[in-house]
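*Asks:* Can you keep this structure in mind? I'll have questions shortly.
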Amino acid sequence: MNIILLGPPGAGKGTQARKLVEERGMVQLSTGDMLREARSSGTEMGQRVAQVMDRGELVTDEIVIGLIAEKLAQGATGGFIFDGFPRTLAQADALGALLAEMGQKLDAVIEMRVDDAALVARITGRFTCGDCGEVYHDQTRPTKVEGVCDSCGSSNLKRRADDNEESLRQRLMEYYKKTSPLIGYYYAKGNLHVVDGLGEIPAVSGDIKAALDNA
């Protein structure tokens, strides 16, 4: 099964992708991870990626599709999760053509829909332990002792520099500008399934499971 997870920053795509990897044996194809891996691989494609990135240029859609083709050729027991790609209608067309060429198809597109105001509240209150990675929130999950991680006892608690309202709203606007056409595109193809991205993690996982089971 091949799927796309769509959703704005903070919607929980990474969390749900990890659960799908663990539970279904899927492989998560993150554009950023693939580019970093290719750059250090020494392959012909990797050298192309390195040259483009060293010039400070954006990697072309052709290169990204080439990297995806390499991963698809390796196969995966549970299929693939596309993460961060496609972002445009041209990329969506290219991905569809590649899958068809390789005798595969896109089974489902899961849109993790959110309420912007609730998402802003979720993200701007979020902080993590720099040592063990445990995630906390000012209102919904504060530490038991202020400034101390419940899990490992570290005082190395951090907030992302861009986890502020102004930055997040800019990231949301960029997401909606790029992604709105994709939502309509996949709805027209009958692939789109919508889940509440702001539900509790188990509830969101259950909604995604139901969508995939019915895809």
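The values are calculated or read from the model by the stated rules, or taken from the named source; none is laboratory data. Computed from a prediction, not measured in an experiment: that's the story for all the values here. Backbone-built Cβ (ideal geometry, glycine too); neighbour counts: all protein chains shown.
*Asks:* Conditions first: (1) over 30 Å from Gly125 (Cβ atoms); (2) in contact (Cβ under 8 Å) with a residue 40 or more places away in the chain; (3) touching a helix residue (DSSP H, G or I) at 6+ places or on another chain (Cβ under 8 Å). Val52 passes all but one, so which condition is the exception?
*Replies:* Looking at each condition in turn, Val52 falls short on (2).
*Asks:* While we're here: Please find, within region 40-95, the residue that is farthest from Glu23 (Cα to Cα) out of those that are touching a Pro at 6+ places or on another chain (Cβ under 9 Å) and of a type in the set (Gly, Ala, Ser).
*Replies:* Only one residue tops the list, namely Ala94.
*Asks:* In addition: Among the listed residues Gly84, Gly42, identify the single one that is of a type in the set (Gly, Ala, Ser) and out of contact with any Ser or Thr (no Cβ under 7 Å at 6 or more places or on another chain).
*Replies:* Of the residues listed, the single one that is of a type in the set (Gly, Ala, Ser) and out of contact with any Ser or Thr (no Cβ under 7 Å at 6 or more places or on another chain) is Gly42.
*Asks:* Among the residues of region 15-45, count how many are free of Cβ contacts under 8 Å to residues at least 40 places away in the same chain and either touching a strand residue (DSSP E or B) at 6+ places or on another chain (Cβ under 8 Å) or crowded, with 18+ Cβ neighbours inside 10 Å (or both). Step through it out loud before you land on a result.
*Replies:* Let us first name the residues in region 15-45 that are free of Cβ contacts under 8 Å to residues at least 40 places away in the same chain, namely 18, 22-23, 33-45.
Adding the requirement that they be either touching a strand residue (DSSP E or B) at 6+ places or on another chain (Cβ under 8 Å) or crowded, with 18+ Cβ neighbours inside 10 Å (or both) leaves 18, 34-35, 38-39.
Selection size over region 15-45: 5.
*Asks:* For Arg48, state whether it is surrounded by 13 or more Cβ atoms within 10 Å (Cβ to Cβ) and at negative phi.
*Replies:* Details: surrounded by 13 or more Cβ atoms within 10 Å (Cβ to Cβ): yes; at negative phi: yes.
Spelling it out, Arg48 is indeed surrounded by 13 or more Cβ atoms within 10 Å (Cβ to Cβ) and at negative phi.
*Asks:* Being modelled with pLDDT of 90 or more and either exposed (fewer than 11 other Cβ atoms within 10 Å of the Cβ) or in contact with a Ser or Thr (Cβ under 8 Å, 6 or more places away or on another chain) (or both) is the filter here; which residues of region 137-158 pass it?
*Replies:* Lys144, Val145, Glu146, Gly147, Val148, Cys149, Asp150, Leu157, Lys158
*Asks:* All but one of (1) more than 22 Å from the chain's Cα centre (by Cα); (2) in contact (Cβ under 8 Å) with a residue 60 or more places away in the chain hold for Arg113; state the number of the condition that does not hold.
*Replies:* Of everything listed in (1) more than 22 Å from the chain's Cα centre (by Cα); (2) in contact (Cβ under 8 Å) with a residue 60 or more places away in the chain, Arg113 misses just condition (1).
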